[in-house]
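Worksheet: one structure, shown below.
The values are calculated or read from the model by the stated rules, or taken from the named source; none is laboratory data. The shown structure was predicted, so the numbers you read here are calculated from the model rather than taken from an experiment. Neighbour counts run over all protein chains shown; Cβ positions are idealised from the backbone, glycine included. Please note that ligands, DNA and RNA were not included when accessible areas were found on the heavy atoms of the full protein model with its side chains. Shrake-Rupley method; radii C 1.70, N 1.55, O 1.52, S 1.80 Å.
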Amino acid sequence: MSASWFRRRLLPGVQLPAQRPPRPRASPVPYRRPRFLRGSGSGPCTADASRRPDARPVRSPARGRALPWNAGYAEIINAEKSEFNEDQAACGKLCIRRCTFETEEDQEWLTLCSEEFLMGHYWALFDGHGGPAAAILAANTLHSCLRRQLEAVVEAMAATQPPMHLSGHCVCSSDPQFVEEKGIRAEDLVIGALESAFQECDEVIGRELEASGQMGGCTALVAVSLQGKLYVANAGDSRAILVRRDEVRPLSSEFTPGTERQRIQQLAFVYPELLAGEFTRLEFPRRLKGDDLGQKVLFRDHHMSGWSYKCVEKSDLKYPLIQGQGRQARLLGTLAVSRGLGDHQLTVLDTNIQLKPFLLSVPQVIVLDVDQLELQEEDVVVMATDGLWDVLSNEQVARLVRSFLPGNREDPHRFSELAQMLIHSTQGKDNGPAGEGQVSYDDISVFVIPLHSQGQGSLSH
């Protein structure tokens, strides 16, 4: 690791020679906003206006442009954190075709799936970093990856119990019993399809960015309605919650260096060469100094949820694998998330140490059985990128939802207006609905998905 790296990290006042600017390269895809925002009539803000939270425009779909389930959407660009809005969004129908088999026996199996299509719906948010390219690619690609993965298992999804062999051929008479003992259900196939789709999309982004000499990555938060269930898949620090009259239920977990400390430390323990001898995997309450040598200090390793003491050695003075606490935690001093798509070329500043081995593209999937809920008219799912949650808690968002929806039942655009109000509540107005006057300078994108009147027929075929 170069001396300039340490000077940048530890001696911020030291002036370094100016680096040659990188040669500009063409982006693999043109910058754009979500297609459903066409005609919204709000253009990008000027540089001077973007410095003022109250002047940053909030954009929503044009009136008359309906999103799936009459969902609402709103977004706001950052206050000059980057030149572009690095968030992206996508939504639409999922049309899952049946696979076509060759043999007569396989054709008989197709009778188990009586519908030519399995219909679902899809909402997705992508929060980019290092530029908008990865988020744009994900918004263009992930739904196609998911459709392919679902089409590969749709026959088994339509069966009462997923068969051992997709063709329906029975090699062992006990096959159904083995499947039952494993507890494998149709929803497990959807979860597997989502996990595989994220992985496939990550590979596509890696190839596209490498071919164009681009860098960057994004988080991904996806909701899919299928067969009476809502599947929420998350890789990153965006968040989804279910808001009901008397309940607030998290539908995702946030994946940051802090929340995945043990997994990241475990990887460094198994493959120490990933740290190139420049970092310590151990966690200490603070960065150790030379005066700590020989002292017994608090620490924890990959196998520990609690803390213990160790005698400080010279190797413990290296830069920590995870630096900082909470939302300020950074992986290898660089990245604030531990799951997402892209970042294949990302390295630690002035080194060849890659971050990708520590990043997972596999999402956590939480299943909401909508058919089992006694839905009320104001029951909604709120999905948003981290710019919203930096300022508002789950409970604050729930209070805003409950205060807004009952008085606006006749407004066909109320869910987009609610999404706008949630964003306005992050813009620092002390007399606003939240009342705290806090400001989020990050990009924010919000979906509000109503669940009421989306009965079993709408959720399945």
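Output the residue which, of all residues in the stretch 86-102 that are in a strand (DSSP E or B) and modelled with pLDDT under 95, is farthest from TYR31 (Cα to Cα).
ARG97
In this structure, does ASP350 turn out to be open to solvent by 40 Å² or more (accessible area, probe 1.4 Å) and over 18 Å from the mean Cα position of the chain (by Cα)?
Taking the combined requirement at face value, the residue satisfies it.
Quick test for you: out of GLU254, GLU195, GLU260, GLU208, pick the one residue that is of a type outside the set (A, V, I, L, M) and closer than 30 Å to ALA159 by Cβ.
GLU195
Give me a count of the residues in the stretch 285-316 that are open to solvent by less than 40 Å² (accessible area, probe 1.4 Å) and in a helix (DSSP H, G or I).
Matching residues across the stretch 285-316 total 2.
So if I check each of PRO44, PRO57, PRO21, PRO28, which one is open to solvent by 30 Å² or more (accessible area, probe 1.4 Å), under 18 Å from LEU388 (Cβ atoms) and at pLDDT below 90?
On the way: PRO44 fails: under 18 Å from LEU388 (Cβ atoms); PRO21 fails: under 18 Å from LEU388 (Cβ atoms); PRO28 fails: under 18 Å from LEU388 (Cβ atoms).
Only one candidate passes the filter, namely PRO57.
So which residues in the stretch 254-284 are in a loop (DSSP other than H, G, I, E, B), of a type in the set (D, E, K, R) and surrounded by fewer than 17 Cβ atoms within 10 Å (Cβ to Cβ)?
Result: GLU278, single match.
Quick one: in the stretch 211-223, which of the residues that are surrounded by fewer than 24 Cβ atoms within 10 Å (Cβ to Cβ) and out of contact with any Ser or Thr (no Cβ under 8 Å at 6 or more places or on another chain) is nearest to ALA124 (Cα to Cα)?
Within the stretch 211-223, the match that is nearest to ALA124 (Cα to Cα) is MET215.
In the stretch 363-409, how many are in contact (Cβ under 8 Å) with a residue 40 or more places away in the chain, open to solvent by 40 Å² or more (accessible area, probe 1.4 Å) and under 30 Å from GLY326 (Cα atoms)?
Looking only at that region, the number is 6.
Return the total of residues in the stretch 236-248 being surrounded by 14 or more Cβ atoms within 10 Å (Cβ to Cβ) and in contact with a helix residue (DSSP H, G or I) (Cβ under 9 Å, 6 or more places away or on another chain).
Counting residues in the stretch 236-248 that are surrounded by 14 or more Cβ atoms within 10 Å (Cβ to Cβ) and in contact with a helix residue (DSSP H, G or I) (Cβ under 9 Å, 6 or more places away or on another chain) gives 8.
Can you tell me which residues in the stretch 137-158 are open to solvent by 20 Å² or more (accessible area, probe 1.4 Å) and over 28 Å from the mean Cα position of the chain (by Cα)?
ALA158
Run down GLY333, GLY342, GLY294 and say which single residue is without any contact (Cβ under 8 Å) to a residue 24 or more places away in the chain and at positive phi.
Matching residue, one of GLY333, GLY342, GLY294: GLY294.
Can you find a residue in the stretch 171-189 that is in contact (Cβ under 8 Å) with a residue 60 or more places away in the chain, surrounded by 15 or more Cβ atoms within 10 Å (Cβ to Cβ) and part of a helix (DSSP H, G or I)?
So far as the stretch 171-189 goes, yes, one or more of its residues are in contact (Cβ under 8 Å) with a residue 60 or more places away in the chain, surrounded by 15 or more Cβ atoms within 10 Å (Cβ to Cβ) and part of a helix (DSSP H, G or I).
Picking from GLU105, GLU115, which residue would you name as being over 18 Å from the mean Cα position of the chain (by Cα), at pLDDT below 55 and not in a loop (DSSP other than H, G, I, E, B)? Outline the logic, then answer.
On the way: GLU115 fails: not in a loop (DSSP other than H, G, I, E, B).
Just one listed residue meets the conditions, GLU105.
Please count how many residues of the stretch 402-424 are closer than 14 Å to ALA66 by Cβ, of a type outside the set (A, V, I, L, M, F, W, C) and part of a helix (DSSP H, G or I).
Number satisfying all stated conditions: 2.
Scanning the stretch 218-239 for residues that are in contact with a Leu (Cβ under 8 Å, 6 or more places away or on another chain) and not in a strand (DSSP E or B), which turns out nearest to ALA89 (Cα to Cα)?
The residue in question is SER238.
Quick one: in the stretch 317-330, of everything that is under 18 Å from GLN262 (Cα atoms), in contact (Cβ under 8 Å) with a residue 24 or more places away in the chain and not in a loop (DSSP other than H, G, I, E, B), which residue is most open to solvent (accessible area, probe 1.4 Å)?
The extreme case among them is ARG327.
Go through the stretch 210-256 and give me each residue that's within 9 Å of the chain's Cα centre (by Cα) and on the phi > 0 side of the Ramachandran plot.
Across the stretch 210-256, the qualifying residue is only GLY236.
Of the residues in the stretch 370-401, how many are acidic (Asp, Glu), outside any loop (DSSP other than H, G, I, E, B) and farther than 18 Å from SER253 by Cα?
Residues of the stretch 370-401 that are acidic (Asp, Glu), as a first pass: 371, 374, 377-379, 386, 390, 395.
Filter once more, keeping what is outside any loop (DSSP other than H, G, I, E, B): 371, 386, 395.
The next check asks that each one be farther than 18 Å from SER253 by Cα; those that pass are 371.
Total meeting the criteria: 1.
With the requirement that a residue be of a type in the set (Gly, Ala, Ser) and touching a Cys at 6+ places or on another chain (Cβ under 8 Å), what does the stretch 308-360 give you?
GLY340, GLY342
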